[in-house]
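The block underneath contains the structure these notes are about, expressed in structure tokens.
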Amino acid sequence: MATSVITETLINRHGSNLPRLLIGLVVGLAVTLFLFWLMQYMIEIADRSLDESRRGSLVDFVRVERDESIQRRQLKPKKPPPPEAPPPQPPTPQLDNLDPTAEKIAIAPVPVTTDIEMTGGFSLGVGEGDYLPIVKVAPIYPQRALSRGIEGFCVVQYTVTRQGTTRDPFVVDDQCTSSLFHRASLQASLKFKYKPRVIDGEAVEVRGVQNKFTYEITED
């Protein structure tokens, strides 16, 4: 009888604590799971931080500049060649032996000929002291006219100065077969030398003097 009473008493006691035990087990299980989850989360965060630190690491690169100073070699300029000696001047003919009747001076260089003809004329009166040609230079045959086989003539008019030189030359209108002869004729006329005209013991200028330059191609 006493034994049955004790048994009932124990059953009643354990029966009243059973809900508490169940609640404690559930809470303990929840806390344990939470702690496991927290530890796992902290481990993952630590792994991520290590990976990001590795990824974000920078390499310091220092570029060393080279000495790029350029040493330029000083080149001395070449000494220019000495100038060629000018050709000797042609001798001046004696006036006593000058033939005033000559109206043309022809110089025939190979393979072309360029003739000079005085068309303006000069006085033959004795003692008048008129101008006389002393030096007359043949023109150089233009290369363009020579390559094209062009022949012809060109009349140039100029003024004989008191010093015996020529100035203000120009080509007479309609008195030149080709414009290719203009420059050569003008340059040749500027090299002419004259005995100036003398009137009353004084040299005077003579205007309107003309020369005809003939350009002919000769065969060898």
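Looking only at strands (runs of 3 or more DSSP E) that lie completely in region 150-220, which have at least 3 residues being hydrophobic (A, V, I, L, M, F, W, C) and either surrounded by fewer than 18 Cβ atoms within 10 Å (Cβ to Cβ) or under 39 Å from the mean Cα position of the chain (by Cα) (or both)?
166-176
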Residue list for region 149-174, restricted to those being over 17 Å from Arg207 (Cβ atoms) and in contact (Cβ under 8 Å) with a residue 12 or more places away in the chain: Gly149, Ile150, Glu151, Gly152, Phe153, Cys154
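Taken together, the values in this text are just the output of simple stated rules run on the coordinates, not laboratory data. Quick caveat, the model's predicted, so the values are computed rather than measured. A quick note on method: Cβ atoms are made from the backbone with ideal geometry, for glycine too, and the neighbour counts reach across all protein chains shown.
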